[in-house]
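No lab work stands behind these numbers, since they all come straight from the coordinates. If you're wondering where the values come from, they're calculated on a predicted model, not measured in any experiment. Counting neighbours? That spans all protein chains shown, and the Cβs are built from the backbone with ideal geometry, glycine included.
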Amino acid sequence: MSDTTIIEAEQYLTFTLGEEYYAIDVSKIKEVLEIQPITRIPKTPPYMRGVINVRGGVVPIIDLRTKFGMEEIEETVDTCIIVLEIGLQNETINVGAVADTVSEVIELPREEIEPTPKIGTRLNTAFIDGLGKYDEHFLIILNIDKIFTEEEILTAEKTKQRGEQAEEH
């Protein structure tokens, strides 16, 4: 009998916002798209950029920079939309998230993921699953189902419905 140890590793898509590196479990990612024109829907929160058409379906687009309180920057050729499958109650909702760049899919063994540091009771870090290392950088591993509140997901769903209505006219 061999003495090998099976190391369980998760796969993550890595991306950047500014100088920070983030990762999302690949099982939550539907696809990655080049940036494209986004149709703004009036009277939506600042983080809600609008909607795009993906193969005949309307997908609401969220600006992660705005959501995370970062300054806005000009889009570049590297700017991408990560289409995510977010769980809400008993259904899955597709939402696009704008990222500055998408890097690559990596495997990260569970034992190499550090727990989220306790930063105090005022800061909500429930949407961070942990910290890993990517090259020489810290990698913030996001729990995509916890980044957005239920109210924000419902706002995204309403934005999608308003976009579908606008497409019909």
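Couple of notes before you dig in:
- Highest-fluctuation residue, Val77, Val32, Val59 considered, GNM on the chain with Cα pairs under 10 Å: Val77
- Net lengthening on full extension, Thr101/Gln89 (0.36 nm per residue, minus Cα-Cα): 1.3 nm
- Each of Met48, Met70 has some number of other Cβ atoms within 10 Å of its Cβ, and from fewest to most they run Met70, Met48.
- Relative contact order, whole percent, for the chain stands at 27, derived from Cα pairs under 8 Å and 6 or more residues apart.
- Spin-label model, Arg40 to Val77: label points 7 Å out along the Cα-to-beta-carbon direction sit 2.7 nm apart.
- In degrees, nearest ten, helix 150-168 long axis to first principal axis of the chain (Cα): 40
- Ordered from longest to shortest, the equivalent ellipsoid semi-axes for segment 9-164 are 25, 17, 15 Å, each the square root of 5 times a Cα gyration tensor eigenvalue.
- Measuring spread by the Cα atoms of segment 13-100 yields a radius of gyration and Dmax of 12.7, 37 Å.
- Computing FRET efficiency as 1/(1 + (r/R0)^6) for Glu164 and Glu31, where r is the C-beta to C-beta distance and R0 is 22 Å, gives about 0.65.
- For the chain, the residue among Gln36, Val102, Gly57 whose Cα projects farthest onto the positive side of the dipole built from Cβ charges is Gly57.
- Under 21 Å between alpha carbons - lysine pairs in the chain that sit 8 or more apart or on different chains: 19
- Least to most buried among Thr14, Thr159, Thr92 (fewest other Cβ within 10 Å first): Thr92, Thr14, Thr159
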